[in-house]
Amino acid sequence: MKSISSHFSIFISSFVLLFSFQFTNVIKSIVNDYASKIVNDYAIVVVSSAELKEEELQKQIPEIESISEISSKKILDRLKNEMSSKNLALLQVALPKFYSLKLGSLPDKKRIETIKQKLSTITSISRVETFAKTHEKMFKMFLLLQAMVYIFTFFVACIAVLLILKQIRIWIYEHQRRMAIMALFGASFFMKSAMLYRMTLVDTLISALGVCAFYDIVPRLPLAQAYAAELDVVLPSFDWLYEGSVLIGASFVFAFIAVSIVARKIGRV
Amino acid sequence: MEYVIKASGLNIGYERDEPVITDANMAIKAQEFVFITGKSGSGKSTIIKSLYGELLPNHGELNVCGVDFRNIGSSKLNLLRRYLGVVFQDYKLIDEWTVEQNVMLPLIIGGFSKGVCIKQAHKLLKHVKLLHKINKYPYELSGGEQQRVAMARALAHNPILILADEPTGNLDSYSSEVIWNLLKGAKEHLGTTVVVVTHNIPSTLGIDYKHYFLEGGVLHEVN
């Protein structure tokens, strides 16, 4: 019974740590996905008397991902009934070109101002509309989401550290006597700690596999997918090779550090 | 190696400037059976602790099984302890290990194969008449049984030197007899040197022995 509870406590603390770590990754991925959606929805509109070249603009403003011309056909169509065809043809020649600039990332207000200034220095550009107010709202929303993720990560890290410290105290209490007796019979540092290392590595490996299985299965459940669709977010699928390796690696590092602290502390007693 | 234990001008204590044992001299040859007696609190256990390196001498020279205790490192101390069989007053059995696993401990540390460990543990548990309790845990045994397990563990790896701290204190006469017979057998059949700290030397032991008496922190050899 004592042995089961000992295994369970290691499993739980490791599971909580890895689960939260992966949860943070999932949230980050969702937030980044959401941010890219915001970026896609946002554009700077430029009015130019001459044709603008994408490469040339990108040289000056690296944030620009693409540039597309806004067709003036719709405006002209609306004026068709009110103007003569001759005047309409003249207007069509005189009408400046409208461009929509898509950005690769979401810049802050200051950066938007700089981009606007840079665009304004180009002689052919007569007007730049950044929709700064709308953009600022979106950007603040994005910052809020990011901040929430970081705050969550911070609290999770604190809880994980507390759990580890508590577990270390339990381990010291549980293994001190055994390791001291083994030392009296000439066991080396690693021999004394081997049992604890083995037990912890196996338990943390099981917990890591449990976390991997959870994040692999849950996003595929119809209920989770329906909920995500309602929130207009995409649940990232679990990458066994990369994320699985990171989680298993992290579990081993967690086990190794915790057990080494215990072994060192007991060694000094 | 003429002497298994050689000590001269030995000062031992828990505090550097408050020695429990002062200026102790001891010369114990291989295969000798030695008793260290003395009143409670005279420092008998302190001497035993210094012999297996739990307490290092504050002053003087100590050599156990050819290992000089001056500037002894942890790896050297670990190596020495693998050649010693220690019986503790409080048994020091590992609670979460079975009787069999406890007896196997010095063999596991010595790097013996699992088969050898099991065979030797069974042989010794048969000697101490506890083969039927092989899968029990220490807390399921009586004090006498626990001490017999501790005795089997001390003998498991055929040590050069057995150090026994009050091995029969508070034991029933049956367990005491088993323990004394094992210690006697270790000396006679295996050629092991035995150092026993005790209150009383059993009158029916029937072997030659050396006797040290400890009084006021001073060790006297009794002729």
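With the structure loaded, tell me whether A:Leu143 is over 39 Å from the mean Cα position of the chain (by Cα) and either in contact (Cβ under 8 Å) with a residue 24 or more places away in the chain or assigned to a helix (DSSP H, G or I) (or both) or whether it fails that test. Judged against the criteria, A:Leu143 is not a match. Can you pull out every residue in the range A:181-191 that is modelled with pLDDT of 90 or more and part of a helix (DSSP H, G or I)? Within the range A:181-191, A:Ile181, A:Met182, A:Ala183, A:Leu184 meet the criteria. Would you say A:Leu163 is of a type in the set (A, V, I, L, M, F, W, C), at pLDDT below 85 and either assigned by TED's automatic domain parsing to the domain that holds A:Ser48 or at positive phi (or both)? In short, no.
Here A:Ile70 does not fit the description of being free of Cβ contacts under 8 Å to residues at least 24 places away in the same chain, of a type in the set (A, V, I, L, M) and either in contact with a Leu (Cβ under 9 Å, 6 or more places away or on another chain) or surrounded by 14 or more Cβ atoms within 10 Å (Cβ to Cβ) (or both). Condition first: in contact with a Leu (Cβ under 7 Å, 6 or more places away or on another chain) and more than 14 Å from every other protein chain (Cβ to nearest Cβ). Can you find one or more residues in the range A:19-29 that meet it? Yes, the range A:19-29 has at least one match. Against the test of being closer than 21 Å to A:Arg111 by Cβ and in the same structural domain as A:Thr123 (by TED's automatic domain parsing), the options A:Ile64, A:Ile70 yield a single qualifying residue, A:Ile64.
Annotation: of all residues in the range B:37-75 being part of a loop (DSSP other than H, G, I, E, B) and of a type in the set (A, V, I, L, M, F, W, C), the one that is nearest to B:Tyr14 (Cα to Cα) is B:Leu55.
Just one of (1) exposed (fewer than 13 other Cβ atoms within 10 Å of the Cβ); (2) in contact with a Ser or Thr (Cβ under 8 Å, 6 or more places away or on another chain) fails for A:Phe254. It is (1). Among the residues of this structure, A:Tyr150 does not count as one that is more than 22 Å from A:Phe21 (Cα to Cα) and away from every other protein chain (no Cβ under 14 Å).
Filtered by the rule that a residue be out of contact with any Gly (no Cβ under 9 Å at 6 or more places or on another chain) and of a type in the set (Lys, Arg), the range B:180-223 gives B:Lys187, B:Lys210. Residues in the range B:65-77 that are within 14 Å of chain A (Cβ to nearest Cβ) and either buried (at least 21 other Cβ atoms within 10 Å of the Cβ) or at positive phi (or both): 1 in all. Here's a check for you: in the range B:117-141, which residue that is out of contact with any helix residue (DSSP H, G or I) (no Cβ under 7 Å at 6 or more places or on another chain) and either free of Cβ contacts under 8 Å to residues at least 12 places away in the same chain or basic (Lys, Arg) (or both) is farthest from the other protein chains (Cβ to nearest Cβ)? Step by step, filter the range B:117-141, then rank; the result is B:His132.
Taken over the range B:142-169, the criterion of being in contact (Cβ under 8 Å) with a residue 60 or more places away in the chain, in a loop (DSSP other than H, G, I, E, B) and buried (at least 18 other Cβ atoms within 10 Å of the Cβ) is satisfied by B:Ala156, B:His157, B:Pro159, B:Ile160, B:Glu166, B:Pro167.
Cβ-Cβ distances below 7 Å connect the following pairs, each with a first residue in the range A:180-196 that is within 15 Å of B:Gly111 (Cα to Cα) and within 9 Å of another protein chain (Cβ to nearest Cβ), a second residue that is among the aliphatic types (A, V, I, L, M) and surrounded by fewer than 17 Cβ atoms within 10 Å (Cβ to Cβ), and a separation of six or more residues or different chains: A:Gly186/B:Leu79. Checking each residue in the range A:218-256 for being out of contact with any helix residue (DSSP H, G or I) (no Cβ under 9 Å at 6 or more places or on another chain) and part of a helix (DSSP H, G or I) picks out A:Arg220, A:Pro222, A:Leu223, A:Ala226, A:Tyr227, A:Ala229, A:Glu230, A:Leu241, A:Tyr242, A:Ser245, A:Val253.
If we scan the range A:99-113, do we find a residue that is farther than 22 Å from A:Asp33 by Cα, out of contact with any His (no Cβ under 9 Å at 6 or more places or on another chain) and part of a helix (DSSP H, G or I)? Yes: one or more hits. Residues that are of a type in the set (Ser, Thr, Tyr) and within 14 Å of chain A (Cβ to nearest Cβ) were ranked within the range B:29-64; the one that is surrounded by the fewest Cβ atoms within 10 Å (Cβ to Cβ) is B:Ser45.
The values are calculated or read from the model by the stated rules, or taken from the named source; none is laboratory data. From a predicted model like this one, the values you see are computed outputs, not experimental measurements. For neighbour counting, all protein chains shown are included, and Cβ atoms are generated from backbone atoms with ideal geometry for every residue, glycine included.
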